[in-house]
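Some notes on the structure that comes next.
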Amino acid sequence: MRTFFPSESCKETQLNAFYPQAWLQVERGKLSKLSLHSSSSSIESLIKVPEPPILPYFKPVDYVEVLAQIHEELESCPAHERSNLYLLQFQVFRGLGEVKLMRRSLRSAWQKASIVHEKLIFGAWLKYEKQGEEIITDLLATCEKCAQEYGPVEIATQFPLDTGVDAGNPYDNCAADGKPISKHVTFKINDEDIICDREKISGLSAPFHAMLNGCFTESNREVIDLSENNLSPSGMRAIREFSNTGNLGEVSPDLLLEILIFANKFCCERLKDDCDRKLASLASTREDAVELMDYALEESCHILAASCLQTFLNDLPDCLSDHRVVDIFMHANREQRSIMVGHASFSLYCLLSEVFINLDPRSENTACFLERLVEFAETDRQRLFACHQLGCVRLLRKEYDEAKRLFEAAFNAGHIYSVVGLARLSQINGNKQWSYDKLTSVISTGVPLGWMYQERSLYCDANKKLADLEKATDLDPTLTYPYMYRAASLMRKQDVHAALAEINRILGFKLALECLELRFCFYLALEDYQAAICDIQAILTLSPDYRMFEGKAAASQLRTLVREHVSNWTTADCWIQLYDRWSSVDDIGSLSVIYQMLESDAAKGVLYFRQSLLLLRLNCPEAAMRSLQLARQHASSEHERLVYEGWILYDTGHCEEGLQKAEESIKIKRSFEAFFLKAYALADSSQDPSCSSTVISLLEDALKCPSDRLRKGQALNNLGSVYVDCGKLDLAADCYINALKIRHTRAHQGLARVHYLRNDKAAAYEEMTKLIEKARNNASAYEKRSEYGDRDLTKADLDMVTQLDPLRVYPYRYRAAVLMDSHKVDEAIAELSRAIAFKADLHLLHLRAAFHEHTNDVLGALRDCRAALSVDPNHQEMLELHSRVNSHEP
């Protein structure tokens, strides 16, 4: 979900319009002084930490248990329940912030859809989640491959043809009184007569059969007046054609609608089915779909309704700005929803509610659609999630009584996280003590989590607050608010070094925009404008439209103001700065330099490509893809454009197509990037060990082509890795040494591996120490060095890794394994559980499952196996362990 819910108190304290000039006075090139010698109120006005947002997500206390339950239900549930279970799994992963796993769950829901409506909903949802990635489909088409996912569904093929006989009895040529019946019947419509075959018309429906062959007066008539049935002569002639051939042929849309209404009135099911299918093919635009949906709902046309629904969903989010579309969804009654969406109402309104929340969480439409979501919930888990989400919206809209009722409903149903909403409401009502006591009760009666202590910290005095925030960080180091609060507190105390160290702790492993914004404010207060502009340029790289200070000022505007207080760099200066920062593994600094270089007349395609590499390293895949697309857009030649297209395809899992693009580029011009891409893609896609020689040849070709030292260092590093895999250690060492000569710092790691393979662990350890000393971001270097030290050094290095980047899972696994070897089972499991609490990682769950199996805790092992298979359903070792444990289940 792209929109977060800010805390209520933040909004209350800053209602006045915000103008950056008020505190960033630009006067003949000078900013107003905001040094630490300024009044504390000046610093206070600059450094504000909003309360943590209330997340409108499903956040179970024990997500492992919930994932395990979902997996267990998926193993035995009826087919029609699977998509809803995958939707619930999606909600769990969203609460954990696992974007890739969220999308995989949506894809599973789409693949396992039991009815066409679910196929439409989850296909549209996947398309909505991938907004901005439409280029991939176009690129695949140029490779003569179609994107297999989420395209338009042929609606009519998803519904069985109505081939049955509508009439209840065979035609017997005699009326009820035994008199012979004429073979033909004439239908009079206004002044026209349409002669029809009585038997054929009788076969259209039971009512027609009874009228023409039964005891009605019409049975003995040869002429029947149908003028009062809103049917034109053309319509009747088309019906006659259908009665003879079983097909309406080419009929205008208006005539189709006329015939549809007539067919529905006289229960002509086959005729109605044909109209339904033909009309469904016409619902290709929003205008058509709006008009036709009214007929579909009025005449119970399931195929047409599904086709109109597809048109609306494929037009998300734009169609929800059309009040006519909104009215259709908003006011559909139970019968109409059944026609429109089958039994998938909850899934549909879950999607629509999310789109509305992203558009405007405070809008009336958002609240109304969430009300419907609560209404359509079929299970307790669906209901508690919907109540919590609606409670968040009601709180934003300051509808406090209703918000309280909803949060209480969710909390009492088992969604403990909804206590956050209740606590904020109590604070708004002036009862902070109730909030504190309620959080204390939650902490003491269950498994304490980081967010619980974070929330409780909002309602206590300074000393207790800091203690709670330390505990919150210990339990969940990914929470940003504790770092921000501690850093701001230290800054207010004028402890600059400690304040920067604190905010840098989290920026070392989580590039959170709000943390970059706070550090930017610190640098402004210190009048360190060069550092300030570095951070704001990194912010704009990640989010070009980012607004700071709770949305009151555009980051681009603040950059313009600060820019006047730093010296301008020439192109040469920029390249020197980029080399320095790239060599010191300062990824944020490198991003900032590239942002500045993009303002010059330099080749932008190359710079956007470099930007994408940095963003991938910083684990920002969406921003990286945006940069790659910009690189393609600004490519200076066809062969360069093909390279960027190849990387776009490779990075989205289309390795063979990426390889194809590289080959097309090489045919036009031999270039470093084309050979590098081909080598990279080939090494990844080929299972043949003999391809190493080809990869080596390609990298050697790349190195013969012109390029800058940054990229040549990467190529030498990769070439060294291939030589190591082939056992050619001397050649590998040469590559790494040459890479280091041009300041490719990461080559220390490859050279350390060569030393290790030569049985010189001390040299390997020393080589990694050099990398640690040079690299600004060095958690991975400590982790790698841990392989080359003795047990005590290894433990120290891995403890440092966890301190620098608590999201890296290997240290937890290593420490747990050491504890298990020492027969400290409980401590080993606790070490893994510590990380699992905030990171859904397959390897952590796998190891904990193995520990449970070792201690004969079958239920614990089975739970972790099922949760791990929710993370990766195809992991072979996990499947084997699950099968083994499952066979021992009592």
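The values are calculated or read from the model by the stated rules, or taken from the named source; none is laboratory data. Model, not experiment: these values are computed from the prediction. Cβ sites come from the backbone with ideal geometry, for glycine too, and all protein chains shown count toward neighbours. Calculation scope for accessible area: heavy atoms of the full protein, side chains included, ligands and nucleic acids excluded. Shrake-Rupley method; radii C 1.70, N 1.55, O 1.52, S 1.80 Å.
So which GluC sites (Glu not before Pro) in region 247-307 are both in a DSSP loop and have at most 10 other Cβ atoms within 10 Å of their Cβ? Write down the numbers at each step before the final one.
On the way: sites: 250, 258, 269, 287, 291, 298, 299; in loops: 250, 299.
Answer in residue order: 250.
Compute the Rg to Rh ratio over the chain from the alpha carbon atoms, using the Kirkwood formula for Rh, and round to two decimal places. Show your work: numbers first, answer last.
On the way: Rg = 33.5 Å, Rh = 31.9 Å.
Reported Rg/Rh, Kirkwood definition of Rh: 1.05.
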Legend entry - Solvent-accessible heavy-atom area per residue, rounded to whole Å², over the chain at 1.4 Å: 44 Å²
Inset, instruction - Enumerate the residues in region 804-819 having an amide nitrogen under 12 Å from the point lying 7 Å beyond the Cα of residue 791 toward its Cβ. - result: 818-819
Legend entry - Spacing of the two label points (7 Å from each Cα toward its C-beta) at residue 766 and residue 854, in nm: 3.6 nm
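Figure the gain on full extension for residue 463 and residue 76 (residue separation times 0.36 nm, minus the Cα-Cα span) and round it to one decimal in nm.
Details: separation 387, 0.36 × 387 = 139.32 nm, distance 5.18 nm.
Using 0.36 nm per residue and subtracting the Cα-Cα distance, I get 134.1 nm.
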Inset, instruction - Using only Cα atoms, find the angle between the long axis of helix 116-129 and the longest principal axis of the chain, and express it within 0 to 90 degrees, rounded to the nearest 10. - result: 30 degrees
Inset, instruction - Specify which residue in the list 845, 757, 219 is farthest towards the positive end of the charge dipole of the chain, using unit charges on the beta carbon of Lys, Arg (+1) and Asp, Glu (-1), about the Cα centre. - result: 757
Inset, instruction - Determine, from the Cβ-Cβ distance of residue 364 and residue 478 and an R0 of 35 Å, the FRET efficiency 1/(1 + (r/R0)^6), rounded to the nearest 0.05. - result: 0.55
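Quote the Stokes-Einstein diffusion coefficient, in whole µm² s⁻¹, for region 728-777, based on the Kirkwood radius over alpha carbon pairs, a temperature of 37 °C and a viscosity of 0.692 mPa s.
On the way: Rh = 10.7 Å.
Translational D for this selection: 308 µm²/s.
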Inset, instruction - Normalise the Cα radius of gyration of region 805-885 by 2.2 N^0.38 Å (N = residues in it) and let me know the number. - result: 1.01
Legend entry - In nm, spacing of pseudo-spin labels at residue 497 and residue 254 (7 Å Cα→C-beta vector): 8.5 nm
Legend entry - Cross-link pairs beyond the 24 Å C-alpha cut-off, checked among 100/839; 770/795; 712/795; 130/712; 604/770; 464/493: 712/795; 130/712; 604/770
Inset, instruction - Enter the angle in degrees (range 0 to 90, nearest 10) between the Cα long axis of helix 842-854 and the first principal axis of the Cα atoms of the chain, meaning the one along which they spread out most. - result: 90 degrees
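Quick one: pull the percent of accessible area on region 805-885 belonging to carbon and sulfur, 1.4 Å probe, ligands and nucleic acids left out.
On the way: 1710 of 3520 Å².
Within region 805-885, the accessible surface is 48 percent carbon and sulfur.
Computing the accessible area with a 1.4 Å probe over protein heavy atoms, can you report the carbon and sulfur percentage for region 61-130?
Details: 1190 of 2460 Å².
Reported share for carbon and sulfur atoms: 48 percent.
With a Förster radius of 51 Å, plug the Cβ-Cβ distance of residue 637 and residue 324 into 1/(1 + (r/R0)^6) and report the FRET value to the nearest 0.05. Before the final figure, lay out the partial values.
Numbers: r = 48 Å, r/R0 = 0.93.
That pair, residue 637 with residue 324, gives E of 0.60.
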Legend entry - Spatially proximal lysines relative to residue 398 (Cα-Cα < 19 Å; intrachain offsets below 8 disregarded): 11, 432
Legend entry - DSSP bridge pairs, region 182-338: antiparallel proportion in percent, nearest 5: 65 percent
Legend entry - Calculated FRET value between residue 527 and residue 288, using beta carbons and R₀ = 56 Å, to 0.05: 0.35
Legend entry - Helix axis angle, 858-871 relative to the chain longest principal axis, alpha carbon, degrees: 80 degrees
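Taking 10 °C and 1.306 mPa s as the conditions, I'd like the Stokes-Einstein D for region 61-130 in µm²/s, using the Kirkwood hydrodynamic radius from alpha carbon pairs.
Values: Rh = 12.1 Å.
Roughly 131 µm²/s, to the nearest whole number.
Return the percentage of antiparallel bridges among DSSP beta bridges fully within the chain, rounded to the nearest 5 %.
On the way: 10 of 13 bridges.
Of the beta bridges lying entirely in the chain, close to 75 percent run antiparallel.
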Inset, instruction - Any chance you could run the full-extension gain for residue 688 through residue 432? It's 0.36 nm times the residue separation minus the Cα-Cα distance, nm to one decimal. - result: 85.6 nm
Legend entry - Shape box of region 618-733 [Cα atoms, principal axes, largest first, Å]: 42, 28, 27
Legend entry - Cross-link reach list, lysines versus residue 200, counting only Cα pairs under 19 Å and skipping chain neighbours closer than eight places: 183, 188, 265, 272
Inset, instruction - Determine the gain in length on full extension of the stretch residue 131-residue 158; use 0.36 nm per residue of separation and subtract their C-alpha separation, reporting nm with one decimal. - result: 7.1 nm
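First compute the accessible area of region 534-649 with a 1.4 Å probe, then give the percent of it belonging to carbon and sulfur atoms.
Working: 2130 of 4350 Å².
Exposed carbon and sulfur together represent 49 percent of the surface.
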